[in-house]
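Have a look at the structure below before the remarks.
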Amino acid sequence: MDVLVINGPNLNTLGTREPEVYGTTTLADIEAGVVAQGSAAGLTVITFQSNHEGEIVDRLHAARDEGTRFVIINPGAFTHTSVAIRDAFAAVAIPFCEVHISNVHAREEFRKHSYLSDLAVGVLTGFGARGYAMAMDYVIDRLSKE
Ligand code: DQA
């Protein structure tokens, strides 16, 4: 497997969730978009969404066993709380991009800190659902050079 796209808690409700903050694109639309984009470049792309921290940790462990080359993750609220997901990324050592639909730096104070950003290759925040496509564009270019 080349690329794993993980979405954390509440992102399954995209489309109806606070549309003034997150827009109206559904998670199904986002996932179909990144799968098509990666497939067109010859990459195998798997998507995964969970509202449960431990399931995301387990999925990262499995990703290492599957030989996953890159992870794109929107950790949702776990961004700001999860030492466990941070430790999982450190343990599996798979490079990753952190994506946020909203600009977390333009919102509440507690959203300004991420437990993941300093381990990430890069962070895309505030570009709406387009951030996933921007991350996949980077991944396609990066993996084509490996
Ligand atoms: C989010 C930002 C987080 O602060 C929030 O908890 C989310 C979504 C985003 O995509 O903008 O669930 O990650």
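Residue by residue, here is whether (1) within 12 Å of the ligand (Cβ to nearest atom); (2) under 19 Å from I56 (Cβ atoms); (3) in contact (Cβ under 8 Å) with a residue 40 or more places away in the chain; (4) in contact with a strand residue (DSSP E or B) (Cβ under 6 Å, 6 or more places away or on another chain) holds:
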site: R86; (1), (2), (3), (4): no, yes, no, no
site: A90; (1), (2), (3), (4): no, yes, no, no
site: A93; (1), (2), (3), (4): no, yes, no, no
site: C97; (1), (2), (3), (4): no, yes, yes, yes
site: H105; (1), (2), (3), (4): yes, no, no, no
site: E109; (1), (2), (3), (4): yes, no, no, no
site: V123; (1), (2), (3), (4): yes, yes, no, yes
site: G126; (1), (2), (3), (4): yes, no, no, no
site: A129; (1), (2), (3), (4): yes, no, yes, no
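Does region 132-146 include one or more residues that are out of contact with any helix residue (DSSP H, G or I) (no Cβ under 7 Å at 6 or more places or on another chain) and not in a helix (DSSP H, G or I)?
yes
Can you report the number of residues in region 60-83 which are surrounded by fewer than 22 Cβ atoms within 10 Å (Cβ to Cβ) and over 25 Å from N103 (Cα atoms)?
Of the residues in region 60-83, 8 are surrounded by fewer than 22 Cβ atoms within 10 Å (Cβ to Cβ) and over 25 Å from N103 (Cα atoms).
Return the residue satisfying two criteria in turn: it lies in region 6-34 and is assigned to a helix (DSSP H, G or I) and in contact (Cβ under 8 Å) with a residue 40 or more places away in the chain, and of such residues it is nearest to I56 (Cα to Cα).
Let us first name the residues in region 6-34 that are assigned to a helix (DSSP H, G or I), namely 11-13, 19-22, 27-34.
Next cut, in contact (Cβ under 8 Å) with a residue 40 or more places away in the chain only: 11, 21-22, 29-30, 33-34.
Values: L11: 13, V21: 24, Y22: 22, D29: 21, I30: 19, G33: 21, V34: 19 Å.
Filtering first and then ranking leaves L11.
Can you name the residue in region 61-76 that is assigned to a helix (DSSP H, G or I) and over 12 Å from the mean Cα position of the chain (by Cα) and, of all such residues, is farthest from the ligand (Cβ to nearest atom)?
Out of the qualifying residues, it is D65.
What residue, of G42, G38, is in a helix (DSSP H, G or I) and away from the ligand (no atom under 16 Å from the Cβ)?
G38
We did not get these values from a lab; they are worked out from the coordinates using the rules stated. None of the values given here were measured: they were computed from a predicted structure. Using ideal geometry, Cβ is built from the backbone for each residue, glycine included, and neighbour counts are taken over all protein chains shown.
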